[in-house]
1. Only one of 201, 226, 239 is modelled with pLDDT under 95 and either in contact with a helix residue (DSSP H, G or I) (Cβ under 6 Å, 6 or more places away or on another chain) or closer than 20 Å to residue 268 by Cβ (or both). Can you tell me which?
2. Hey, could you check segment 73-94 for residues that are over 15 Å from residue 138 (Cα atoms) and in contact with a helix residue (DSSP H, G or I) (Cβ under 8 Å, 6 or more places away or on another chain) and say which is surrounded by the most Cβ atoms within 10 Å (Cβ to Cβ)?
3. Out of curiosity, is residue 277 under 25 Å from the mean Cα position of the chain (by Cα) and either assigned to a helix (DSSP H, G or I) or crowded, with 17+ Cβ neighbours inside 10 Å (or both)?
4. I'm checking my understanding of the structure. Among residues of segment 187-198 that are at pLDDT 95 or above and assigned to a loop (DSSP other than H, G, I, E, B), which one is nearest to residue 232 (Cα to Cα)?
5. If I go through segment 202-225 residue by residue, how many of them are surrounded by fewer than 24 Cβ atoms within 10 Å (Cβ to Cβ), assigned to a loop (DSSP other than H, G, I, E, B) and touching a residue at least 60 places away in the same chain (Cβ under 8 Å)?
6. Does at least one position in segment 73-89 carry a residue that is under 30 Å from residue 208 (Cβ atoms) and at pLDDT below 95?
7. Within segment 236-256, can you find the residues that are surrounded by fewer than 20 Cβ atoms within 10 Å (Cβ to Cβ) and either free of Cβ contacts under 8 Å to residues at least 40 places away in the same chain or more than 26 Å from residue 161 (Cβ to Cβ) (or both)?
8. If the Cβ limit is 6 Å and pairs must be 6+ apart or interchain, which residue in segment 173-190 that is farther than 17 Å from residue 103 by Cβ pairs with which residue that is at pLDDT 95 or above and in a helix (DSSP H, G or I)?
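The values are calculated or read from the model by the stated rules, or taken from the named source; none is laboratory data. Please read all numbers here as calculations on a predicted model, not as lab measurements. Cβ coordinates were reconstructed from backbone atoms using ideal geometry, including for glycine residues, and neighbour counts include every protein chain displayed.
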C-alpha cells in the first residue's frame, strides 16, 4: 500500500491510532487537521493530537479555517485517496469525488445507526447493547455514504465513554487496515444505507448534561456513564452544580423522585422514576473529582439527608 498517496484528515485522540497505522502501512503525504486552539490566560497555542503525530513523523500539516473554501491545496497534492476520521468540518464534494479511490470515512457507529458527531456518547446514553465502526464512502450528506465494511463490539454495563472510545479507536485502526487493500484492489463492498433505520448521535448539548431523576434508574445510569469522562453529567446539590462522575443502580424504590433517600459511608442514594441511583464519585462546583466518602467527610451529613436534587 506504500505506492498509494494518502491524505489523512482528523483532529482528536480518537483518530490517533488510525493515523499511526497509516503512517506505517501507507504513503501519507499530507495531514489535514483543525486550526490550533489558544488555551489559558497566556493564550498559548495547543496543537491537535493529530498534528502532534504528524509533526513527530515529519509529515506536512495543513490547517484550513474553513475547508469548504480552502480545499484546492489538498487537491494540488494529487492524493489517490482521502481518509477522514473525526475531522470536525463538512468535507466539500470536490474532495470526495476527485481522488482515484475517492474519499472514505471511519465512523464510530454501525451506520445507519447514530449518524452525527457524538455516536459514542449516544450509544451508551440511548441504551445500545452493541456498537462498532463503519468505514464508508463520503457523501455530501452527513454520514450517509455507502458502507464498505463494519466491525462490531458489545457495550458492557461497566463501559463509559472513555473505555468505549478507546475500544472503538483500536477497532477503527484494525478494520481500516483490513479494508484498504480491498479498496485498492477494487474488491470492496459498496452497500447503500437503509434510510428507514437511521438514528442520530448529534453533539451533546448543555441541556443533555443535566440529570432528570424523573427517568428510570437505568436511563440515569446510562446518562452518567455516557458522559464520563467528558463532558460529565450534573445535578444541582445544595444549590450548586455538581458533576456526577460514577454511580450504580440501587434497587430501593421508596421515596420521592429526586429525593436523597439514604446516605451511606461512601454513597448518596437518590430516588429515580422506578429504582434509585447510588452516586459514588462526584465533582463539586469549583473542586476536583472526589469520592462521595471524601465529600461527606467534609460536610455535615445531616444537611443532605432527605433533601432533593433540583430537577428544574
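1. None of the other options fit; the residue is 239.
2. Across segment 73-94, the extreme among qualifying residues is 74.
3. Yes: the conditions hold for residue 277.
4. Going residue by residue through segment 187-198, those that are at pLDDT 95 or above are 187-188, 190-198.
Next, from what is left, pick out any that are assigned to a loop (DSSP other than H, G, I, E, B): 187-188, 190, 192-194, 198.
Values: 187: 43, 188: 39, 190: 38, 192: 36, 193: 32, 194: 33, 198: 26 Å.
Taking the candidates together, the pick is 198.
5. Of the residues in that region, 6 qualify.
6. Within segment 73-89, one or more residues are under 30 Å from residue 208 (Cβ atoms) and at pLDDT below 95.
7. First pass over segment 236-256, keeping only residues surrounded by fewer than 20 Cβ atoms within 10 Å (Cβ to Cβ): 236, 238-241, 246, 248-249, 251-256.
Residues satisfying the conditions are 238, 239, 246, 248, 249, 251, 252, 253, 254, 255, 256.
8. Cβ pairs passing all conditions: 173/17; 173/18; 173/21; 177/21.
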